[in-house]
Structures are given as C-alpha cells and as structure tokens.
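Undergrad: Below is one structure. I have some questions about it.
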Amino acid sequence: MLSNNSYFEVMKETSAEADKLIRTRLDGIVDVTRTLPESRLGKPRLRDLLVRLGYELSGGKNWKKIIPICASYELLNCSSYVINWIFDEKGGHREKNEINDLIIGGFQLREVAELLLRENSLEDVVGSVSRINEAIYVGQNLDLNVLRVRYLTKFRVFGNFVHVYRQRCHGLSGEFYGQCLLSGSKISGKEMTALYGVGEILGSALQASNDLGDFALPNKAIAVSEKPYKDQLSDLKKGKLTLPIYFLITKSGMEYEDLTTKTPEEIVGLLFSTGSFQECYDYLQNERKKAKVRLHKSFEKSYARDMLSSALIIISYNKFITNLKSAQKK
C-alpha cells in the first residue's frame with residue numbers, strides 16, 4: 001500500500017522494481033535499440049506510477065503484482081520511441097543499416113512487451129498492447145501526413161484544427177496513459193473505467209505539453225534519453241502543425257518560410273510577444289483542470305487519489321516549460 005510519500009518517491013520505488021524485470025528481457029535486442037531502455041533504467045517513470053495508482057485506487061493491496069505491467073509498458077514505450085526516431089529523424093541522419101536495426105529492434109521490444117504479460121497470466125491486460133499500438137499508428141499518421149504547415153489553409157477555423165490535433169495527441173500518448181490507469185485497476189480485480197478517462201486526458205495533455213516544450217532553447221539540462229537536446233525546435237523545422245506552431249503562424253502573420261530563418265532566441269521571443277505561449281499554457285491548464293475534476297468526481301478522497309491529483313501538475317509544470325519561462329525573463 002502507499003505510504004506517506006510524495007508521488008515522485010512512489011514513482012521512483014515502482015520504477016526501481018520494474019527495472020529488475022526489464023534487465024532480464026534485453027538480451028537479444030539489437031544493440032542500437034537496446035541502448036534506449038538501458039539508458040532509462042534507474043529513472044522514475046510516470047507510466048509506472050499510473051499503473052500503481054490505478055491498482056491502489058481500485059482497492060489493490062499488493063502493488064508488486066503490477067510490476068510485469070510496468071515492465072511491459074516501458075518496453076512498449078521504448079519500441080514506439082525508436083520507430084519515431086526513424087519518422088522524425090531524431091538524432092540526425094542515419095544510415096540504412098541502422099534504420100533497419102531500429103525497425104527490427106522496435107518489433108522485438110513490442111513482442112517482448114506482450115510476452116511479458118502472457119507469461120505472467122495477465123490476459124486481461126494483453127489486449128491493451130494492440131489498442132495502444134493501433135492508437136499510436138493513427139497518431140503518427142496524423143502527425144506525419146495531416147497536421148502539416150503546408151495544409152494550414154484547411155485549418156483556418158481553430159475548432160477544425162484543434163479537433164484533429166486532439167486526435168493526434170490521443171493517439172501518440174493519450175491512449176497509452178489511459179490504459180496505464182485502467183490496467184492497474186484490472187489487476188486489482190475491480191476494473192474502473194473512469195480511470196481511463198483521467199489517464200487519457202493526462203496523456204493527451206502531456207503530448208501537447210511536449211509540443212510546447214519543443215520550443216525550449218537547446219540546452220543539455222533538458223536533454224532526455226529519447227530526445228537529444230539538439231532536437232529542440234525540430235517540429236518547426238520539419239513543418240509540423242502543432243498547437244504552438246499554429247498559434248505562432250496565425251498570430252504573428254508571418255509566412256512559415258520567414259519563421260524558419262529566425263534564430264531560436266527570436267522564435268522564443270515571438271512565441272511570447274504574439275501571445276502564443278499563453279494560449280498554449282491556458283490550453284494545458286484547462287486540460288489539467290478537466291482531468292482533476294473528473295478524478296475528484298469519480299473517486300472519494302484517498303491518499304492514492306490525492307497523489308494522482310498532485311501528479312497532474314506535470315502537464316503545465318515541467319523542465320521544458322520552465323526553460324521557456326526562464327528564456328522570457330532574460
């Protein structure tokens with residue numbers, strides 16, 4: 001059961017247990033792919049915390065039962081990252097043989113993720129792997145082929161844009177986070193579908209938060225294993241139509257080609273001077289509020305509920321957004 005600790009401490013404790021199982025499953029994964037899950041060992045992970053809180057909120061008493069789910073989902077998450085490295089050319093140009101290895105490794109990680117659940121008789125959760133994968137494919141398609149700056153004229157009405165943008169965010173992250181909370185409740189023996197809705201909002205909002213965080217000025221302090229700091233501002237360079245880019249173009253009145261000639265510092269300056277940052281920040285705050293209201297309406301006060309409620313702050317308060325705010329003050 002949860003003790004009187006902060007959500008960060010509980011997250012760290014849960015991830016440490018999952019790491020023990022993850023380490024046993026990395027043999028045989030191609031080297032270029034295995035480096036990602038290895039680099040994330042020893043670090044607290046939000047998805048692990050969500051699975052545990054879903055379990056606790058549903059009355060579960062022995063949280064270590066959910067560790068195979070945490071390990072499975074971390075490997076599944078890494079598989080989606082390495083495939084995305086190819087789509088977005090994260091980390092710079094790669095030779096064809098390295099791309100081939102990433103594809104093979106991505107498939108290997110997904111197979112191991114599902115096998116982990118089956119080996120631990122978690123048949124009720126196995127189906128979530130397919131649902132998460134399917135959603136990610138839809139999200140990636142929208143990201144790569146639909147929400148592009150060159151199609152901006154199709155989205156002049158903000159409501160039309162944000163409808164598709166939410167679908168993208170749901171696919172890339174929302175479904176996964178929803179399944180984390182829901183899967184935890186399934187293991188407790190008391191499936192609680194309300195948890196899925198809270199997790200879905202959280203995951204989708206985190207994707208939007210990451211999109212805003214892409215504008216943080218390149219800095220080694222904000223580097224993460226799945227995205228090198230040098231990849232900051234890559235969404236704008238690659239012509240993606242994320243929420244901050246939508247506001248930046250429509251509010252500045254500048255042509256996209258002119259924006260790409262600006263320095264990172266000038267881009268961040270425009271983000272604030274046009275009100276684009278505030279629009280995005282208000283969006284994130286509203287999503288956080290929606291998740292919190294749904295959580296409090298669906299569950300009575302408990303330590304697990306309050307811990308999840310506290311964890312929602314990550315939507316609008318993280319190192320990327322802090323980096324942006326610091327840049328504004330300079």
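Undergrad: Can you tell me how many residues within region 247-281 are crowded, with 17+ Cβ neighbours inside 10 Å, over 19 Å from residue 149 (Cα atoms) and of a type in the set (D, E, K, R)?
TA: Total satisfying the criteria: 0.
Undergrad: Out of curiosity, is residue 146 within 21 Å of residue 68 (Cα to Cα), aliphatic (A, V, I, L, M) and modelled with pLDDT of 95 or more?
TA: Considered against the rule, which asks whether it is within 21 Å of residue 68 (Cα to Cα), aliphatic (A, V, I, L, M) and modelled with pLDDT of 95 or more, residue 146 comes out as no.
Undergrad: Can you confirm whether residue 240 is at pLDDT 90 or above, touching a strand residue (DSSP E or B) at 6+ places or on another chain (Cβ under 8 Å) and closer than 25 Å to residue 132 by Cα?
TA: For residue 240, the condition - at pLDDT 90 or above, touching a strand residue (DSSP E or B) at 6+ places or on another chain (Cβ under 8 Å) and closer than 25 Å to residue 132 by Cα - is met.
Undergrad: Find all pairs meeting these conditions: Cβ atoms under 6 angstrom apart; at least six residues apart or on different chains; first residue within region 55-78 and closer than 14 Å to residue 14 by Cβ; second residue in a loop (DSSP other than H, G, I, E, B) and of a type in the set (S, T, N, Q).
TA: Note: pairs meeting the criteria are 68/120.
Undergrad: Would you be able to say whether some residue in region 128-149 is assigned to a strand (DSSP E or B), under 19 Å from residue 239 (Cα atoms), charged (D, E, K, R) and touching a residue at least 40 places away in the same chain (Cβ under 8 Å)?
TA: Yes: region 128-149 contains one or more residues that are assigned to a strand (DSSP E or B), under 19 Å from residue 239 (Cα atoms), charged (D, E, K, R) and touching a residue at least 40 places away in the same chain (Cβ under 8 Å).
Undergrad: I would also like to ask the following. Checking residue 164 against (1) of a type in the set (Val, Ile, Thr); (2) in contact with a Phe, Trp or Tyr (Cβ under 8 Å, 6 or more places away or on another chain); (3) closer than 21 Å to residue 195 by Cα, only one condition comes out false. Which one?
TA: Residue 164 satisfies every listed condition except (3).
Undergrad: Restricted to region 8-35, and to residues that are surrounded by 17 or more Cβ atoms within 10 Å (Cβ to Cβ) and β-branched (Val, Ile, Thr), which residue is farthest from residue 111 (Cα to Cα)?
TA: Checked region 8-35; the qualifying residue farthest from residue 111 (Cα to Cα) is 10.
Undergrad: To continue, here is another question. Condition first: at pLDDT below 95, touching a helix residue (DSSP H, G or I) at 6+ places or on another chain (Cβ under 7 Å) and not in a helix (DSSP H, G or I). Can you find one or more residues in region 252-260 that meet it?
TA: Yes.
Undergrad: Report every pair of residues separated by at least 6 positions or lying on different chains whose Cβ atoms are under 7 Å apart, first residue within region 243-269 and among the basic types (Lys, Arg), second surrounded by fewer than 17 Cβ atoms within 10 Å (Cβ to Cβ).
TA: 251/275
Undergrad: May I pose another question? I'd like to check something: does region 280-287 contain any residue that is modelled with pLDDT under 95 and part of a helix (DSSP H, G or I)?
TA: Checked region 280-287: no residue is modelled with pLDDT under 95 and part of a helix (DSSP H, G or I).
Undergrad: Being in contact (Cβ under 8 Å) with a residue 40 or more places away in the chain, closer than 23 Å to residue 285 by Cβ, in a helix (DSSP H, G or I) and touching a Ser or Thr at 6+ places or on another chain (Cβ under 6 Å) narrows it down to one of 195, 181, 202, so name that one.
TA: 195
The values are calculated or read from the model by the stated rules, or taken from the named source; none is laboratory data. A quick note: this is a predicted structure, and the numbers were derived from the prediction, not measured. FYI the Cβ positions are ideal-geometry reconstructions off the backbone, even for glycines, and counts take in every protein chain you see.
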